[in-house]
Structure formats: C-alpha cells, structure tokens
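Novice: Got a structure for you, written out below as structure tokens; questions coming shortly.
The values are calculated or read from the model by the stated rules, or taken from the named source; none is laboratory data. Computed from a predicted structure; not experimentally measured. No Cβ is skipped: glycine too gets one built from the backbone with ideal geometry, and neighbour counts run over all protein chains shown.
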Amino acid sequence: MPKERVAEWDVMRGIAFLAIVLQHSIGQFANRKDTSLFDAYTLAGILHLIKFGVPAFVMLTGAVLVYNYYGKLKYETFIRKRFIDILIPYFLWTAIYYIYIFPAKSINIEWLKEVGQQVLVPTQGYHFWFILMIFQFYLLFPLFLKGITWAKNKRDQNDTWTLDPLLVFTGLGYMFLMWVSYKYLPYHASSYPSFLQYFITNRNSNFLFYSFYFIFGAVIAIELERWRKIIKGSFRWNMILVIVAYVWVGYELFIGTGYSLPINLNWSTTLKPSMFILVFSELIALYMIGMKVTQKNHWINILTSWLGKYSYGGYLVHALVLGELIKFMDAFQMMYPTLNQHYVLVTFVAFVIVSAVSTLTCFMLSKIPFGRYLTGPTGSTKKRM
C-alpha cells in the first residue's frame, strides 16, 4: 500500500519549479549589453537566492524514492514506470522542440536520426540536460538504496546515529568534488583522453556532481520526523550560514566581473564549494518554508502544491514558452525602448507569465487522452501527512 504523501515536499517542488523558471528568465536579461550595471547585479543577486532549484529537485527525488521504495523495490517494475513517466515525455518534447526550431525540415529517416542525437546530447533544449542527469539516479537507485539500508541497519544494531556520519563524510567528499570541478577540471581537461574530456565538459549532467543532494533527501526520508525537528531547531544558525555564504558568492561574482558589462553569470555555477554551502543552507531554509506553509491551508499552500503537481511537464515546456515570450517582448521593447531601463521588472513579468502558461499548458494536456505521455506524472489524490 502506498504511503501517504509528505505535504512539505509538494510545496517545495512547486517553489523549486518557480525558482528554475525565474533563473532562466534572469538568464535572458541579466547578460544583455543594454542592461544597466545596477539591474545586472540585482538580477545576479536574485539568482544567488534561487540557485537551489535543481538541487531541490534532486533532493526531493532521493527523498521520495527512498520513502516509497525502502524495503520493497522491484527494479524491473520501478524502471519501467520511470521510463514511461520520465523518458517518454522527454522523447516527445525533444521532437517538439526540434520541430519548433527547424520547422522546414521534412520528417524522414534523417530527421529521426537528428532527433535521436538530440535525445542523447541535447543542444536545442538547453534545459534537457537535467532529464539525462536525474535519470541516472533512477538507473542507479538500487545501489543508493543498498547503501542507505546498510547504514540504517548499522544504526539500529548499534543504537548510534550512523546516518549522521554518513551525511557528514558524504558532504565533505562532495565539497572536495566541488573544488575539483571548479579549480582543477576546467584548466586540465585537455590533458585527458577525448572521451573523458566530454564528461568533464558536460559534468553538470553527471549524477556524481549532484549526488550529495540525492543522499541528503534519502536520509531525510529514512528519519523524517527527526529531520523535521532538526530543521526547525537550526533556523537561526542556518540563517547566519545563508547570509555568510550569500555574501561570499556575491563577492566572487564581483571579483570575477567587476564593473564591466555584461556580467559573467558563469561565476555563479552551482558546481563550486561556496555555492554548495549556499545551496545547502537554502535547502534547509526551503524545507522550513515548506513545513510552515503546510501548517495552514491558505492560498500559498494550495498554489505551490498545485505547481508541484505539474512541475515536470511545466519544466519540459517552459523553455519553449519563454522563447516565444522573449520574441514578443523584444518586439514590444523596440516600440517602447524605455523598458530597457527596467530589466528587473521585465524579468519578473516574464517569470510570472511563463510560470502560469507552462503549468496551465501541462494541466490542460494532462486532461486529454494519453496526455500523461506529454506531462509525466501529475501526482495523486492520496491523503497527505
């Protein structure tokens, strides 16, 4: 029998979806040459506050999988369901994006070959890398589950908190990996064989570079009530950590970019030690927000839970919606050039429109026959806890 849904996870998923849409909206305007220095750094500052988007999805994936499948995983059934829920919508949307970008191309064997290449190495859908990365966790989930099960059994036998040292050592190892990713790999990639150069260049789509967040979610799922108490009790210290890490990351961006435009948002990659500390502290804060929101059945709870329900389909479609909206907004700005002086406002207008249109599109698609093959899973109506 399926377990009850954990209410805060639905809220967190919805907020994470909004964070990703806002990140991509910021990316459309922060780097423009006519963006003022003030607006560019304001958008960068907002970007740092919402960099938890992808890590939050990875963490929630680890939490949900362990919560639902601990002690009862049937891998063939599990992976078949993920293939239908995750990969089929990805295949279909890859084809849709390809048709959108190259509408004049005839659908033939060569076309299928090109779309197949996009499935394996997505270059037209800039956000599709996440699907390839997250599916690696599904493929390797039995190994993660065995590790978590071993740690829990050790704890139960010895009556010690074995999972805490596991998380600490994993965090320290991940911090070192972030250092290697940021300080070493970019400058030594050419010294490796070509096949390794590919993995180094595309390390953002390698599950190892997001593994800590998955394990963190898994540990939370194993000891849900305990971690709820830990997160509640860490509020003040975590806020100090958020502020310190936020200032640190902002300083790194300023040192790297200075007063020149456009600013280089590559300094704000999640794959570096300072951003790891910031994102981890933001995830703790996000979990606190999720618990607070679910305590009352007000509109924020309803809205974020609804967004979380359609977040996967919304994620797949949002880049297409954003691309079309940018075309319209650019044409509008040519008629009203004074809008170029208000890129922070323009960014948030784009964010609101894209978030609404993407989720409503997913909602409508989910209501048509076979719509689930375009939207992916949209949750269930089981009672939440």
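Novice: Tally time: how many residues in the stretch 220-250 are under 18 Å from LYS51 (Cα atoms), without any contact (Cβ under 8 Å) to a residue 40 or more places away in the chain and either touching a Cys at 6+ places or on another chain (Cβ under 8 Å) or not hydrophobic (A, V, I, L, M, F, W, C) (or both)? Write out each step before concluding.
Specialist: Residues of the stretch 220-250 under 18 Å from LYS51 (Cα atoms): 238-250.
With the extra rule that they be without any contact (Cβ under 8 Å) to a residue 40 or more places away in the chain, the set shrinks to 240, 243-245, 247-248.
Subsequent filtering for residues that are either touching a Cys at 6+ places or on another chain (Cβ under 8 Å) or not hydrophobic (A, V, I, L, M, F, W, C) (or both) retains none.
Total satisfying the criteria: 0.
Novice: Still on this structure, please answer the following. Can you tell me which residue is modelled with the lowest pLDDT among those in the stretch 1-16 that are of a type outside the set (A, V, I, L, M) and out of contact with any Gly (no Cβ under 6 Å at 6 or more places or on another chain)? Even if it seems obvious, please write down each step before you answer.
Specialist: Initially, the stretch 1-16 is screened for residues of a type outside the set (A, V, I, L, M), giving 2-5, 8-10, 13-14.
Still in the running and out of contact with any Gly (no Cβ under 6 Å at 6 or more places or on another chain): 2-5, 9.
Values: PRO2: 60, LYS3: 72, GLU4: 77, ARG5: 81, TRP9: 95.
Selected residue: PRO2.
Novice: (1) assigned to a helix (DSSP H, G or I); (2) among the hydroxyl-bearing types (Ser, Thr, Tyr); (3) farther than 27 Å from LEU322 by Cβ: which one isn't true of TYR100, the others all being true?
Specialist: Condition (3) is where TYR100 drops out.
Novice: Exactly one of these conditions fails for LEU140: (1) in contact with a Phe, Trp or Tyr (Cβ under 8 Å, 6 or more places away or on another chain); (2) surrounded by fewer than 17 Cβ atoms within 10 Å (Cβ to Cβ); (3) within 30 Å of GLY256 (Cβ to Cβ); (4) modelled with pLDDT of 95 or more. Give me its number.
Specialist: Among (1) in contact with a Phe, Trp or Tyr (Cβ under 8 Å, 6 or more places away or on another chain); (2) surrounded by fewer than 17 Cβ atoms within 10 Å (Cβ to Cβ); (3) within 30 Å of GLY256 (Cβ to Cβ); (4) modelled with pLDDT of 95 or more, LEU140 violates only (3).
Novice: In the set LEU307, LEU278, which member is part of a helix (DSSP H, G or I) and either hydroxyl-bearing (Ser, Thr, Tyr) or more than 24 Å from ILE131 (Cβ to Cβ) (or both)?
Specialist: LEU278 is the lone residue from the list that is part of a helix (DSSP H, G or I) and either hydroxyl-bearing (Ser, Thr, Tyr) or more than 24 Å from ILE131 (Cβ to Cβ) (or both).
Novice: Got at least one residue in the stretch 53-60 being over 11 Å from the mean Cα position of the chain (by Cα), modelled with pLDDT of 95 or more and assigned to a helix (DSSP H, G or I)? Spell out how you get there, then give the answer.
Specialist: Taking the stretch 53-60 first, the residues over 11 Å from the mean Cα position of the chain (by Cα) are none.
Scanning the stretch 53-60, I find no residue that is over 11 Å from the mean Cα position of the chain (by Cα), modelled with pLDDT of 95 or more and assigned to a helix (DSSP H, G or I), so the answer is no.
Novice: Kindly indicate which of LEU261, LEU253, LEU278, LEU283 is out of contact with any Cys (no Cβ under 6 Å at 6 or more places or on another chain) and over 24 Å from PHE212 (Cβ atoms).
Specialist: Details: LEU253 fails: over 24 Å from PHE212 (Cβ atoms); LEU278 fails: over 24 Å from PHE212 (Cβ atoms); LEU283 fails: over 24 Å from PHE212 (Cβ atoms).
Going through LEU261, LEU253, LEU278, LEU283 in turn, the sole match is LEU261.
Novice: Among (1) β-branched (Val, Ile, Thr); (2) assigned to a helix (DSSP H, G or I); (3) within 19 Å of PHE17 (Cβ to Cβ), which single condition is THR270 missing?
Specialist: All conditions pass for THR270, except number (2).
Novice: Right, next: Out of ILE20, ILE79, which single residue is over 25 Å from LEU271 (Cβ atoms), of a type in the set (Val, Ile, Thr) and assigned to a helix (DSSP H, G or I)?
Specialist: Only one candidate qualifies: ILE79.
Novice: Quick one: in the stretch 197-209, of everything that is assigned to a helix (DSSP H, G or I) and touching a Phe, Trp or Tyr at 6+ places or on another chain (Cβ under 8 Å), which residue is modelled with the highest pLDDT?
Specialist: PHE207
Novice: Right, next: Please enumerate the residues belonging to the stretch 160-169 that are assigned to a helix (DSSP H, G or I) and either surrounded by fewer than 12 Cβ atoms within 10 Å (Cβ to Cβ) or at pLDDT 90 or above (or both). First the steps, then the outcome.
Specialist: First pass over the stretch 160-169, keeping only residues assigned to a helix (DSSP H, G or I): 163-169.
Selection gives VAL168, PHE169.
Novice: For TYR251, state whether it is hydroxyl-bearing (Ser, Thr, Tyr), surrounded by fewer than 18 Cβ atoms within 10 Å (Cβ to Cβ) and in a helix (DSSP H, G or I).
Specialist: Yes: the conditions hold for TYR251.
Novice: What's the number of the condition PHE17 fails, among (1) among the aromatic types (Phe, Trp, Tyr); (2) out of contact with any Ser or Thr (no Cβ under 7 Å at 6 or more places or on another chain); (3) surrounded by 22 or more Cβ atoms within 10 Å (Cβ to Cβ)?
Specialist: That leaves (2) as the condition not met.
Novice: Take ALA319 and decide whether it is farther than 16 Å from LYS51 by Cα, aliphatic (A, V, I, L, M) and either surrounded by 15 or more Cβ atoms within 10 Å (Cβ to Cβ) or modelled with pLDDT of 90 or more (or both). Working first, answer last.
Specialist: Numbers: farther than 16 Å from LYS51 by Cα: yes; aliphatic (A, V, I, L, M): yes; either surrounded by 15 or more Cβ atoms within 10 Å (Cβ to Cβ) or modelled with pLDDT of 90 or more (or both): yes.
Yes, satisfied.
Novice: Can you tell me which condition LEU172 does not meet? The list is (1) of a type outside the set (Lys, Arg); (2) touching a residue at least 40 places away in the same chain (Cβ under 8 Å); (3) under 30 Å from TRP9 (Cα atoms); (4) surrounded by fewer than 16 Cβ atoms within 10 Å (Cβ to Cβ), and all the others hold.
Specialist: All conditions are met except number (2).
Novice: Moving to a separate point now. Among the residues in the stretch 206-219, are any of a type outside the set (Gly, Ala, Ser) and loosely packed, with under 12 Cβ neighbours inside 10 Å?
Specialist: no
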